[in-house]
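Trainee: Could you have a look at this structure, given as structure tokens, before my questions?
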Amino acid sequence: MTPAANTKSSAIPVSAVKPASKGLSRNAIIGIITAVAVVIGAGFGFRQWQFYVTHEETDDAQIEGHISPVLPRVSGYVSQVLVNDNQHVAAGQPLVEIDAQELDLKVSAADASEHNAVAELRTSEASLESAKAAALTAAANVETALVRQKKAAHDLERDTKLFATGAITDSQLSDTQAAADTASATYQAVSSQVKTAEADVEVPRPRLRRPRRAPRS
């Protein structure tokens, strides 16, 4: 009876044996999920913190700053920007490059205008010299006409006295009178020419201002 009793006492119930666990336990899976969520949340929070450090969000805000206007000396199309946004620049540093094509055309037009002005100046100088010469000639003609008028007047006065004494004929007196009248008319004409010549001298004077070349930047 003893062997049978030993056999019965050493037997193990089937329900008492637990199978070996396969894979991760439930607590381990929860821990991994929690860790991943913490990492993702920390990354998102860091990015939000970085954004709000450099940005401000409000419905009613004012910004205080300094405005420095930039005004070019010449106008034109910008061909190249030489600085970046928010870049610190020094005084006198080039900021933009302006297309020089349109400016070169303006310079060429200014040069052509200058050449025309110089040519007009030379023409005016020549006209002035010619007008001065004409005025001198007219003045000389006046002097000559004045001498002739005085001589003709003197001859007329003499012949009038001679005619009164019968020393000359009526025809001779008429000739002397005609000569005196002609001399007087000539004097009046050349005197008028002097006034015209003097006026001609003043005509080119306003155009004698020498053209000044604008300085190039």
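Trainee: Among Ala134, Gln193, His154, which residue has its Cα furthest toward the positive end of the charge dipole of the stretch 119-204, with +1 on Lys/Arg Cβ and -1 on Asp/Glu Cβ?
Mentor: Of Ala134, Gln193, His154, it is His154.
Trainee: Okay, next question. Using the charge dipole of the stretch 28-182 (Lys, Arg: +1 at Cβ; Asp, Glu: -1 at Cβ; taken about the Cα centre), state which of Ala109, Val38, Val70 has its Cα farthest towards the positive end.
Mentor: Ala109
Trainee: Subtracting the Cα-Cα distance from 0.36 nm times the residue separation, let me have the gained length for Ala42 to Leu71 in nm, one decimal.
Mentor: On the way: separation 29, 0.36 × 29 = 10.44 nm, distance 4.89 nm.
Extending this stretch completely gives an extra 5.5 nm.
Trainee: Let me ask something else about it. Tell me the chymotrypsin sites (Phe, Trp or Tyr not before Pro) within the stretch 24-133 that lie in a loop according to DSSP and have at most 14 other beta-carbon atoms within 10 Å. Working shown, then result.
Mentor: Details: sites: Phe44, Phe46, Trp49, Phe51, Tyr52, Tyr77; in loops: Tyr77.
Here the chymotrypsin sites (Phe, Trp or Tyr not before Pro) that fit, given the DSSP loop and packing criteria, are Tyr77.
Trainee: Follow-up. Over the alpha-carbon set of the stretch 119-204, divide Rg by the Kirkwood Rh and report the Rg/Rh ratio to two decimals. Each step should come with its number before you reach the end.
Mentor: Working: Rg = 19.4 Å, Rh = 14.9 Å.
Dividing the radius of gyration by the Kirkwood radius yields 1.30.
Trainee: Related question: Assuming 0.36 nm per residue, please report the length gained on full extension of the stretch Ala109 to Glu97 beyond their Cα-Cα distance.
Mentor: Numbers: separation 12, 0.36 × 12 = 4.32 nm, distance 2.22 nm.
Stretched fully, the Ala109-Glu97 segment lengthens by 2.1 nm.
Trainee: Also: For the stretch 87-140, just the Cα set please: Rg and Dmax, both in angstrom.
Mentor: Calculated on Cα positions, Rg and Dmax stand at 23.8, 79 Å.
Trainee: Dipole size in debye (nearest 20) for the stretch 119-204 around its Cα centre, Lys and Arg Cβ +1, Asp and Glu Cβ -1? It would help to have the intermediate numbers written out before the result.
Mentor: Working: 8 positive and 13 negative charges, 52 e Å.
Here the size comes out at about 240 debye.
A short reminder: the numbers here are calculations on the coordinates, not readings from a lab. Every value quoted in this text rests on a predicted model; they were computed, and no experiment measured them. For neighbour counting, all protein chains shown are included, and Cβ atoms are generated from backbone atoms with ideal geometry for every residue, glycine included.
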